[in-house]
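Down below is the structure, laid out as structure tokens.
The values are calculated or read from the model by the stated rules, or taken from the named source; none is laboratory data. Bear in mind the structure is a predicted one, so any value in this text is a computation, not a measurement. In this analysis, Cβ positions are derived from the backbone assuming ideal geometry, glycine residues included, and neighbour counts consider all displayed protein chains. Ligands, DNA and RNA are excluded from the accessible area calculation, which covers all protein heavy atoms including side chains. Shrake-Rupley method; radii C 1.70, N 1.55, O 1.52, S 1.80 Å.
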Amino acid sequence: MIPIDPQARANVHLIDHPLVQHKLTLMRKKEASTNNFRRLLNELSSLMAYEVTRDMATQDVHIETPLEPMEAKMIDGKKLVFVSILRAGNGILDGVLSVVPGARVGHIGLYRDPKTLQAVEYYFKMPKNMEERDVVVVDPMLATGNSAAAAVTRLKACRPKSIKFLCLLTCPEGINTMHKLHPDVHIYTAAIDRELNDHGYILPGLGDAGDRIFGTQ
Ligand code: URA
């Protein structure tokens, strides 16, 4: 078990709402069916979307209610972008889009070259005008942090206004790696688990998120 760098920990927003924690516990159970796992992930993602968008800028607009005119708040600026790290990140999209239906969606596909151990990009598709947009990268598991950090590095080439990282679970290794390479990126998570095993899985964790979402175990 490695310690979390205190400066890295300061970038982590732990979403400890009882509903989030309850649903996460149900998802962790090994007997959760694919159907239930997916439904819970959907519900959890929409709850977490509230937290990750809490500081979105608003502007006052002039409207008329049936009774009188007023200045009321609306979200300011270009549409937010949710960027899914393939494939497990796709499991988070429906939930976050149910809360921010106008958001745009980008996808990043990376695999680790077994010889060089470097992240290799096989897919990258983003909306236009990224330099005017805030980005939330989504992936259920922030484990070693290597592919997440590589995805953020690649995204930064598009010069978005800001980048946040939304996951269900992380661990000290993932938090430290992200902070070392991207100290500007804040992590939103429902839990910080104990450690990684020798295969890069989070313990106690919930297993392989992609397999559990898509039923490919
Ligand atoms: N990816 C997963 O799906 N699960 C883990 O525990 C770690 C990485």
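Points to keep in mind about this one:
- Checklist (1) out of contact with any strand residue (DSSP E or B) (no Cβ under 8 Å at 6 or more places or on another chain); (2) under 21 Å from Ala151 (Cα atoms); (3) part of a loop (DSSP other than H, G, I, E, B) applied to Asp198, failing item: (2)
- Candidate set: segment 94-132, residues that are among the aromatic types (Phe, Trp, Tyr) and in contact (Cβ under 8 Å) with a residue 12 or more places away in the chain; chosen: the one farthest from Leu41 (Cα to Cα): Tyr122
- Segment 147-183: number of residues that are under 19 Å from Ala49 (Cα atoms), outside any strand (DSSP E or B) and of a type in the set (Gly, Ala, Ser): 1
- If the condition is being exposed (fewer than 14 other Cβ atoms within 10 Å of the Cβ), in contact (Cβ under 8 Å) with a residue 40 or more places away in the chain and in a helix (DSSP H, G or I), then segment 1-17 contributes only Gln7.
- Looking across segment 21-62, the residues that are outside any loop (DSSP other than H, G, I, E, B), more than 19 Å from the chain's Cα centre (by Cα) and within 30 Å of Asp76 (Cβ to Cβ) come down to Thr58, Gln59, Asp60, Val61, His62.
- Condition check for Lys29: surrounded by fewer than 13 Cβ atoms within 10 Å (Cβ to Cβ), at pLDDT 95 or above and among the basic types (Lys, Arg): yes
- Any hit, segment 118-134, residues being at negative phi and within 16 Å of the ligand (Cβ to nearest atom): yes
- You will find that of Val105, Val137, Val96, the residue that is in a strand (DSSP E or B), open to solvent by less than 80 Å² (accessible area, probe 1.4 Å) and more than 16 Å from the ligand (Cβ to nearest atom) is Val105 and no other.
- Criterion (closer than 19 Å to Val185 by Cβ and modelled with pLDDT under 95) met by exactly one of Leu80, Leu110: Leu110
- Residues being away from the ligand (no atom under 14 Å from the Cβ), under 27 Å from Pro114 (Cα atoms) and open to solvent by 50 Å² or more (accessible area, probe 1.4 Å) - total across segment 154-211: 5
- Selection within segment 64-93 - without any contact (Cβ under 8 Å) to a residue 60 or more places away in the chain, in a loop (DSSP other than H, G, I, E, B) and surrounded by 14 or more Cβ atoms within 10 Å (Cβ to Cβ): Lys78, Lys79, Leu80, Leu86, Gly89
- Breaking point among (1) within 14 Å of the ligand (Cβ to nearest atom); (2) open to solvent by 50 Å² or more (accessible area, probe 1.4 Å); (3) assigned to a helix (DSSP H, G or I), for Thr216: (3)
- Residues in segment 116-133 include none that are assigned to a loop (DSSP other than H, G, I, E, B), open to solvent by less than 10 Å² (accessible area, probe 1.4 Å) and either closer than 24 Å to Ile4 by Cα or of a type in the set (Val, Ile, Thr) (or both).
- Filter result for the condition that a residue is more than 15 Å from Ser98 (Cβ to Cβ) and in contact (Cβ under 8 Å) with a residue 24 or more places away in the chain, over Val20, Val61: Val20
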